[in-house]
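Visitor: Sending over a structure as structure tokens; questions will come in a sec.
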Amino acid sequence: MTNYTDMWEKLNLDLKAHDSLMQVLGKFYGDIYLSQQGRLKGAEYLDFVLSEVHGLRVQELQDAKAQGRKIVGTFCVFVPEELTLAADAVQVGLCSGADAGTELAETLVPRNTCALIKSFMGFKLARLCPYIESCDLLVGETTCDGKKKAYEQLAEMAPIHIMEVPQKKDDHDRVLWKTEVLRYKQVIEKLTGKTITADKLKTAIKTVNAKRRALQRLNRLRAAEPAPISGRDVLLVNQISFYDDPVRFTAKINELCDEIEARIKQGQGVAPKGTPRLMLSGCPMAVPNWKLPYIIESSGAVIVSEESCIGSRNTRDLVDESTDTLEGMLDAIADRYLRIDCATFTPNTERLDNIVQLAKESKADGVIHYGLLFCQPYAHEFFKVDKALKDAGIPMLSIETDYSMEDVGQLKTRVEAFVEML
Ligand code: BJ8
């Protein structure tokens, strides 16, 4: 096994704390992932990527930097990866799914801040994340208040560009958003010293769309009964999509889909036919936030879809590929990203339609609405989601939690009761 200590040291990680984190992560992964029965062979790719999460991929980033490429870190699906790639930079999602640095985070953000925000603040302050330390630029966005204000603190510690995401989707909001897309184009061109041409942008659009198409294909295949792949594995696929090389990732996920197709033809699945099928909806679940999916799938149900940014919200819409002019492509990018139905928009009625549609398409017997504690936007939308699902005759359970393990027993009791009544 390669020793990456020198690399971590150069990245100024707190080696002792990082070591403990890796040990906990390894044990957690073993319990939640490697214990699964009937996994696909293609899951070996997931296991490998996770086993090298702070190793090989981070080494690749250092190699890219040595060749003069820039690394851009993001916290939200609003940052157009197409522009980053067209400027020959690498984009990585900064995961924010563990509570390792919470105490330090609470020295800069209020205690009643969601776990995701505390996580990225904590990882930075505790020097635990080789990705954030590899970044030449962070890109934040004006989505929820918690993130906006946390980015002000983060700006004291690292270079950060903030994209202004509008709160509504009227014509003048679209004008603002297009301006922000152009402003990001300028920022990334300045950072990399590369001009984004129509040819480069066209290629980048195709690359990112191909990634989304592979994930769409995977999601379509999950409509099969019995479910051919666990929700845990698909969540991991979605999580990895934010930081692995997009071309390699797409090829691997398409291979996984080929294997799933063969499995479906043979009538095989990860859970017996008749196992209750659940959809997850709500806040994103970043690496290594696998708590709730594990609870659900060890309570006699299988997850068949995720309505979240680390799920179908990030893959549902493609950038229109029919235009060849730079201006046309920038418009297509602005339009595609403005279709994201994040709860920070008002109103956000399209999310309700999308939830009901996805629940039906994935043949879900019920929905679990997942909110992070102190997340106002998703907590507010819960009421509307509840009504929309009731109207569609689909049962829903609402769960609010954070990254701690203290409530596992209580959550399991509630999930089991919900699954039993389906
Ligand atoms: S597009 S969902 S990735 S903002 S959970 S930090 S909303 S208080 S993550 Fe998100 Fe972009 Fe929207 Fe998606 Fe705030 Fe809520 Fe915390 Fe959240």
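The values are calculated or read from the model by the stated rules, or taken from the named source; none is laboratory data. All of these numbers come straight from a predicted model, not from anything done at the bench. Virtual Cβ from ideal backbone geometry, glycine too; neighbours counted across all protein chains shown. Each accessible area value is taken on the protein alone, full model and side chains, heavy atoms only, with ligands, DNA and RNA left out. Shrake-Rupley method; radii C 1.70, N 1.55, O 1.52, S 1.80 Å.
Visitor: Quick one: would you say VAL247 is part of a helix (DSSP H, G or I), of a type outside the set (D, E, K, R) and open to solvent by 20 Å² or more (accessible area, probe 1.4 Å)?
Guide: The answer is yes for VAL247.
Visitor: Looking at region 235-263, which of its residues are among the β-branched types (Val, Ile, Thr) and more than 11 Å from the chain's Cα centre (by Cα)?
Guide: Taking region 235-263 first, the residues among the β-branched types (Val, Ile, Thr) are 237, 240, 247, 250, 253, 260.
Across region 235-263, the qualifying residues are VAL247, THR250, ILE253, ILE260.
Visitor: Next up: Restricting attention to region 14-70, which residues are closer than 30 Å to ILE260 by Cβ and of a type in the set (Val, Ile, Thr)?
Guide: Across region 14-70, the qualifying residues are ILE32, VAL49, VAL53, VAL58.
Visitor: Against the conditions (1) over 23 Å from LEU330 (Cβ atoms); (2) over 18 Å from the mean Cα position of the chain (by Cα), where does ARG232 fall short? Just the number, please.
Guide: Exception for ARG232: condition (2).
Visitor: Further, regarding this structure: May I ask you to verify whether PRO284 is modelled with pLDDT of 95 or more, closer than 29 Å to ASP407 by Cα, open to solvent by 10 Å² or more (accessible area, probe 1.4 Å) and within 16 Å of the ligand (Cβ to nearest atom)?
Guide: For PRO284, the condition - modelled with pLDDT of 95 or more, closer than 29 Å to ASP407 by Cα, open to solvent by 10 Å² or more (accessible area, probe 1.4 Å) and within 16 Å of the ligand (Cβ to nearest atom) - is met.
Visitor: Moving on to the next point. Of all residues in region 287-315, count the ones that are part of a loop (DSSP other than H, G, I, E, B), within 16 Å of the ligand (Cβ to nearest atom) and either surrounded by 24 or more Cβ atoms within 10 Å (Cβ to Cβ) or not hydrophobic (A, V, I, L, M, F, W, C) (or both).
Guide: Number of matching residues: 5.
Visitor: Taking the residues in region 175-212 that are in a helix (DSSP H, G or I) and of a type in the set (Ser, Thr, Tyr) as candidates, determine which candidate is least open to solvent (accessible area, probe 1.4 Å).
Guide: Restricting to residues being in a helix (DSSP H, G or I) and of a type in the set (Ser, Thr, Tyr), the top hit is TYR184.
Visitor: So which pairs qualify, if the first residue must be in region 151-167 and touching a residue at least 60 places away in the same chain (Cβ under 8 Å), the second must be in a loop (DSSP other than H, G, I, E, B) and open to solvent by 60 Å² or more (accessible area, probe 1.4 Å), the Cβ gap must be under 6 Å, and the two must be at least 6 apart or on different chains?
Guide: Filtered contacts from region 151-167: GLN167/THR346.
Visitor: Moving on. Of all residues being more than 19 Å from the chain's Cα centre (by Cα) and over 29 Å from GLU9 (Cβ atoms) in region 107-122, which is nearest to the ligand (Cβ to nearest atom)? Just the residue, please.
Guide: Among them, the one singled out is THR113.
Visitor: Still on this model: Is it true that ILE355 is open to solvent by less than 40 Å² (accessible area, probe 1.4 Å) and either within 18 Å of GLY231 (Cα to Cα) or not in a helix (DSSP H, G or I) (or both)?
Guide: When the stated conditions are applied, ILE355 passes them.
Visitor: Looking at region 213-232, I want the residues that are part of a helix (DSSP H, G or I) and have a partner that is among the aromatic types (Phe, Trp, Tyr) and open to solvent by less than 20 Å² (accessible area, probe 1.4 Å) with Cβ atoms under 8 Å, at least 6 apart or on another chain. Which pairs are those?
Guide: ALA214/PHE249; ARG232/TYR33; ARG232/TRP290
Visitor: Within region 334-347, work out how many residues are out of contact with any helix residue (DSSP H, G or I) (no Cβ under 6 Å at 6 or more places or on another chain) and more than 10 Å from the ligand (Cβ to nearest atom).
Guide: Residues in region 334-347 being out of contact with any helix residue (DSSP H, G or I) (no Cβ under 6 Å at 6 or more places or on another chain) and more than 10 Å from the ligand (Cβ to nearest atom): 5 in total.
Visitor: Only one residue in LEU125, LEU137, LEU104 is touching a strand residue (DSSP E or B) at 6+ places or on another chain (Cβ under 6 Å), away from the ligand (no atom under 16 Å from the Cβ) and touching a residue at least 12 places away in the same chain (Cβ under 8 Å). Which one?
Guide: Just a single option satisfies the conditions, and that option is LEU137.
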